[in-house]
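Values in this text are rule-based calculations from the coordinates and carry no lab data. All values derive from a computational prediction rather than experimental measurement. Using ideal geometry, Cβ is built from the backbone for each residue, glycine included, and neighbour counts are taken over all protein chains shown.
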Amino acid sequence: MSDRYEIYFAFESPWSSSDLQGLVERLSGREQLTHPVDSQTTTESDQTPHSDPTDRYVSELASDSGYIGISLGAPGLACSLIYTDSENGPLDLPQLNISVQDHHFFPQEGETDQDAIERIDTLYTFLADLYEVLVALDRAPVYVYGLQPIEYDKATNPDHVNGITAEQLRSGEILGIYWCQIFPPRLVEQLGAEQLLSVPAFRSEQLSDGGILLVVTHAMNTQALPPEDHAPNVVSEKLGIDWEL
């Protein structure tokens, strides 16, 4: 089982170096970017800021095993940004992958449950902001979906009944309800914005292009469990989607 929470931004067409450069320039103006230290096995929290020029970040992101570390606004919260093209990724579609180690989803020492939930909410704000950046760059994704560690093996296995396929993404089929996702405008139109914004969820908001960020559960491993209806299967039923991962 994976030890990471993965959020995938899937795209119809591959990214060029100039596309990646535009993304890095936008991100570097908003977030603190870091480079890997020593090796790919280094954790995000061990990374330190670097003053590398944009082209070094772009080269790192474009390499087969490269990633950019991003230190988010909340103390100790970090993620990795990975680009995979259609030949090397889990789908035959280009994807940007936000990868977060699972220890970020546990309260830190001295942190209350509420503090921990507010900290992880910074991640969801970042996902919404990243989507807005992509829209501004004319690189809006065809779908955005997040997989918790327990979901990862099933969803990325093409032989599993609920495996995610590129054909589904291309055709606009609703893949199902996950811990978090961003519905693009065409799916919002299909499901109804009012309905999506009214389902039980930790966070839901409409974005500038009409897409909707839906975070069903905060996913933080706290002593106090989320409300029972903040669950993908409950939301799936309310939306009339026959799906249970």
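Helix-only mean residue ellipticity at 222 nm, the chain, DSSP H runs n ≥ 4 weighted -39,500 (n - 2.57), per residue, nearest 500. What is it? Kindly include the intermediate steps, with their values, before the conclusion.
Details: 8 runs with 79 residues, N = 245.
Helices in the chain give a 222 nm mean residue ellipticity of -9500 deg cm²/dmol.
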(request) Among Gly73, Pro149, Ala136, pick out the residue whose Cα is farthest towards the positive end of the charge dipole of region 4-184, where Lys and Arg carry +1 and Asp and Glu carry -1 on C-beta, about the Cα centre. (result) Ala136
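What number comes out for the charge environment of Ser2, summing +1 per Lys or Arg and -1 per Asp or Glu over other residues with Cβ under 15 Å away?
Here the charged neighbours net out to -3.
By how many nm would the segment from Gln168 to Glu189 grow when fully extended, if each residue of separation counts as 0.36 nm and the alpha-carbon distance is taken off? Provide the component values of the computation, followed by the final result.
Values: separation 21, 0.36 × 21 = 7.56 nm, distance 1.71 nm.
So the extension gain works out to 5.8 nm.
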(request) Be a star and scan region 5-23 for residues whose amide nitrogen sits under 20 Å from the point 7 Å along the Cα-to-Cβ vector of Asp55. (result) 16-23
(message) Quick query: amide H of Gln32 versus all other amide H atoms, modeled in the peptide plane; which residues come in under 5 Å with a sequence gap of 5 or more or a different chain?
(response) Ser71
(request) Give me the distance in nm between label points sitting 7 Å out from Cα along the Cα-to-Cβ direction at Ile241 and Leu225, one decimal. (result) 2.3
(request) Please label the shape of the chain as rounded, prolate or oblate, based on the square roots a ≥ b ≥ c of the eigenvalues of the alpha-carbon gyration tensor (a/c under 1.5 means rounded; beyond that, a/b larger than b/c means prolate, else oblate). (result) oblate
(message) Using a 7 Å offset from Cα along Cα-Cβ at Asp129, what residues in region 182-225 end up with backbone N under 19 Å from the label point?
(response) 182, 203-209, 212-215
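Fewest to most neighbouring Cβ within 10 Å: what's the order for Val100, Val234, Val216? Walk me through the intermediate numbers first.
Working: Val100 22, Val234 17, Val216 26.
Listing Val100, Val234, Val216 from fewest to most nearby Cβ atoms yields Val234, Val100, Val216.
Exposure proxy check: Val24, Val135 ranked by fewest other beta carbons within 10 Å? Don't skip to the answer; put the middle values down first.
Values: Val24 21, Val135 18.
Ranking Val24, Val135 by Cβ neighbours within 10 Å, fewest first, gives Val135, Val24.
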(message) Quick check on the exposure proxy: order Trp15, Trp179 from fewest to most C-beta atoms within 10 angstrom.
(response) Trp15, Trp179
